[in-house]
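Chemist: What follows is a single structure, and I will ask about it in a moment.
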Amino acid sequence: MSSMRRVWQNWWMQIAGGILTVVIVVMPWLWIGEEDRSILPLAGNDALGLIVVSSLSALLGSWLVRRVGRGRTGFAVVTAVGIFLGMLGLGAQGIYATNPSAFSGKLTQASVTQLWVFGSLLVLSLAWYFLSAKLRLPVAALFYATMTVSVSYWLQIVASLIAGAQSYYVYLWYAGPLILGLILGFVGFLRAINLVFWVVALAFQWVMPAVVESSAKAIQSEAQIGPAASAFSKEFSALIVELDWQTPLIVSLATAMLTSVVIVIVRKVRRR
């Protein structure tokens with residue numbers, strides 16, 4: 001175990017970890033991207049996939065920093081370089097695959113849209129990555145609550161590509177709430193302020209599917225900012241009332257309570 005930690009202290013290993021995070025997240029699109037030969041999802045026809053890739057990369061990268069890097073700032077910065085390089089490489093490959101002349105200055109409208117959306121999501125995901133990796137866990141849980149939905153989408157995309165896995169499609173949606181429950185379990189409920197973080201995090205979890213899907217449809221509409229914002233608002237209002245929030249809430253709460261109780265018991269046993 002100590003030898004593994006020494007390996008992760010190398011800067012090149014931390015960069016490789018960031019790149020590997022992106023590679024793992026984008027793997028399903030190696031099968032999806034046959035038509036346009038772009039590995040990275042395109043804003044014009046798969047904005048939801050692009051959002052999922054950006055969000056899940058930030059989530060896994062943050063976990064790597066907290067679990068392996070023990071929250072060290074240096075580890076977080078170097079790993080972020082790896083994530084940035086991985087995303088930048090995928091972005092360049094996507095632009096070249098769909099519009100090879102873009103690198104000679106001939107940008108199509110689709111390429112411009114892809115660059116704007118990809119760049120905005122990259123900046124946002126890196127900001128979320130740093131905040132969730134460096135803030136205290138009760139506060140970071142609020143940022144995790146906005147990203148765990150990407151786990152559900154990602155697993156459903158993977159299931160759609162595997163023969164026979166479609167029967168588990170519905171159940172995979174609860175993977176995100178399960179992970180959020182685990183995070184809230186480590187936050188604990190013995191302090192009153194932590195219960196406030198629980199409530200806010202669960203509220204974020206409730207609205208995030210509507211936010212993600214409304215954002216994806218607004219991006220794919222390729223409208224100007226004003227009409228796109230209006231389309232987002234209408235779509236969000238329609239989706240939020242249709243969401244099944246009860247079951248994800250129960251999954252998260254049950255997991256959080258069980259995890260918290262187990263942690264409390266383990267700590268008491270160790271003190272004895």
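Listed here are the residues, each with its yes/no results for (1) in contact with a Cys (Cβ under 6 Å, 6 or more places away or on another chain); (2) of a type in the set (S, T, N, Q); (3) closer than 20 Å to Ser150 by Cα.
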{"position": "Leu195", "(1), (2), (3)": "no, no, no"}
{"position": "Val200", "(1), (2), (3)": "no, no, yes"}
{"position": "Ala210", "(1), (2), (3)": "no, no, yes"}
{"position": "Ser221", "(1), (2), (3)": "no, yes, no"}
{"position": "Gly226", "(1), (2), (3)": "no, no, no"}
{"position": "Ser233", "(1), (2), (3)": "no, yes, no"}
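Chemist: Quick test for you: out of Leu172, Leu180, Leu131, Leu161, pick the one residue that is under 21 Å from Leu258 (Cβ atoms), surrounded by fewer than 21 Cβ atoms within 10 Å (Cβ to Cβ), touching a helix residue (DSSP H, G or I) at 6+ places or on another chain (Cβ under 7 Å) and aliphatic (A, V, I, L, M).
Modeler: Details: Leu180 fails: surrounded by fewer than 21 Cβ atoms within 10 Å (Cβ to Cβ); Leu131 fails: under 21 Å from Leu258 (Cβ atoms); Leu161 fails: under 21 Å from Leu258 (Cβ atoms).
One residue alone meets the criteria, Leu172.
Chemist: Here is a follow-up. Quick check: is even one residue across segment 58-67 more than 14 Å from the chain's Cα centre (by Cα), open to solvent by 20 Å² or more (accessible area, probe 1.4 Å) and either of a type in the set (D, E, K, R) or farther than 17 Å from Ser152 by Cβ (or both)?
Modeler: Restricting attention to segment 58-67, the residues satisfying the condition of being more than 14 Å from the chain's Cα centre (by Cα) are 65-67.
Then drop every residue that is not open to solvent by 20 Å² or more (accessible area, probe 1.4 Å), which leaves 66-67.
Narrowing the set further to residues that are either of a type in the set (D, E, K, R) or farther than 17 Å from Ser152 by Cβ (or both) leaves 66-67.
Yes, some residue in segment 58-67 is more than 14 Å from the chain's Cα centre (by Cα), open to solvent by 20 Å² or more (accessible area, probe 1.4 Å) and either of a type in the set (D, E, K, R) or farther than 17 Å from Ser152 by Cβ (or both).
Chemist: Considering every residue within segment 204-222, establish whether at least one is over 27 Å from Leu115 (Cβ atoms) and outside any helix (DSSP H, G or I).
Modeler: no
Chemist: Shifting gears a bit: Pick out the one residue from Val266, Val261, Val199 that is at pLDDT 85 or above, under 24 Å from Ser55 (Cβ atoms), over 19 Å from the mean Cα position of the chain (by Cα) and loosely packed, with under 14 Cβ neighbours inside 10 Å.
Modeler: It is Val199.
Chemist: Let me ask something else. Among the residues of segment 241-255 satisfying the criterion of being of a type in the set (A, V, I, L, M, F, W, C) and more than 20 Å from the chain's Cα centre (by Cα), which is surrounded by the most Cβ atoms within 10 Å (Cβ to Cβ)?
Modeler: Among those residues, the one meeting the criterion is Leu253.
Chemist: Regarding segment 125-133, can at least one residue be identified that is part of a helix (DSSP H, G or I) and without any contact (Cβ under 8 Å) to a residue 40 or more places away in the chain?
Modeler: Yes.
Chemist: I've got another one for you. Pick out, from segment 1-101, the helices (runs of 4 or more DSSP H) lying fully within it that include 3 or more residues that are among the hydroxyl-bearing types (Ser, Thr, Tyr).
Modeler: 47-67, 73-98
The values are calculated or read from the model by the stated rules, or taken from the named source; none is laboratory data. As the structure is a computational prediction, the values presented were derived from the model and not from experiment. When we count neighbours, we look across all protein chains shown, and the Cβ atoms used for this are built from the backbone with ideal geometry, even at glycine. Side chains are part of the model used for accessible areas, which takes the heavy atoms of the whole protein and leaves out ligands, DNA and RNA. Shrake-Rupley method; radii C 1.70, N 1.55, O 1.52, S 1.80 Å.
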